[in-house]
Amino acid sequence: METEPAAARAAACAESLLGVIRQEREILQSLLGHINNELRALQGNDIAALEHAIHEKDRCLDTLLQLDRQRRSQLADAGFSAESADFERFLDACDAAQQTPLKEDWETVRSLSARCLDANSHSAQLNATAQRMIKQMLAHLRGEQSRPEVYDRNGAVATPDSKALARA
């Protein structure tokens, strides 16, 4: 029995992938909203809102991981690789055959992923700054002498009296 032609497999795969990619897009939009909620909660020192945002972020990330596995599995079942270059060629072929708006939707997913990464990085920086400030306030309240954080030549935190600082 002859196997399905590659074009037919690609068409079937493209159609099923379109559904997965659209789900990824929806989850990423939701994730971006939760990251922004996390940022607002950090800025407003709203612990309950922060906990809720983190919980929702985790839920979105779990769903994205499941969808990524599903997308990779569908590609493999159709005889295609999920690696970047092969996947791009697959998208180009689908686009050229005008089977689905797969490439356009995938670009939207990539763009949303980048926006989520940027927003999450900003949130992490704000969180790190808040943690440093809290540590400094606690040290002050305890009567501890405050020491500035400095870094050695490898980027590790070093205390001003460490020998590593002298070698840097």
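The values are calculated or read from the model by the stated rules, or taken from the named source; none is laboratory data. None of the values given here were measured: they were computed from a predicted structure. All Cβ positions, glycine included, derive from the backbone under ideal geometry; neighbour counts span all protein chains shown.
The residue of segment 43-56 that is farthest from the chain's Cα centre (by Cα), among those that are in a helix (DSSP H, G or I) and of a type in the set (Gly, Ala, Ser), is Ala48. The sole residue among Arg40, Arg59, Arg71 that is surrounded by 13 or more Cβ atoms within 10 Å (Cβ to Cβ) and within 14 Å of the chain's Cα centre (by Cα) is Arg59.
Matching residues to (1) free of Cβ contacts under 8 Å to residues at least 40 places away in the same chain; (2) farther than 30 Å from Ala93 by Cα; (3) part of a helix (DSSP H, G or I); (4) of a type in the set (Ser, Thr, Tyr):
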{"site": "Lys103", "(1), (2), (3), (4)": "yes, no, yes, no"}
{"site": "Leu117", "(1), (2), (3), (4)": "yes, no, yes, no"}
{"site": "Leu126", "(1), (2), (3), (4)": "no, yes, yes, no"}
{"site": "Met137", "(1), (2), (3), (4)": "yes, yes, yes, no"}
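Looking across segment 82-115, just one residue is over 29 Å from His34 (Cα atoms), modelled with pLDDT of 80 or more and of a type in the set (Gly, Ala, Ser), and that is Ala85. Can you tell me which residues in segment 110-123 are surrounded by 13 or more Cβ atoms within 10 Å (Cβ to Cβ) and of a type in the set (A, V, I, L, M)? Answer for segment 110-123, where residues must be surrounded by 13 or more Cβ atoms within 10 Å (Cβ to Cβ) and of a type in the set (A, V, I, L, M): Leu112, Ala119. Does Glu51 count as surrounded by 12 or more Cβ atoms within 10 Å (Cβ to Cβ), within 26 Å of Gln131 (Cβ to Cβ), touching a Ser or Thr at 6+ places or on another chain (Cβ under 8 Å) and among the charged types (D, E, K, R)? No.
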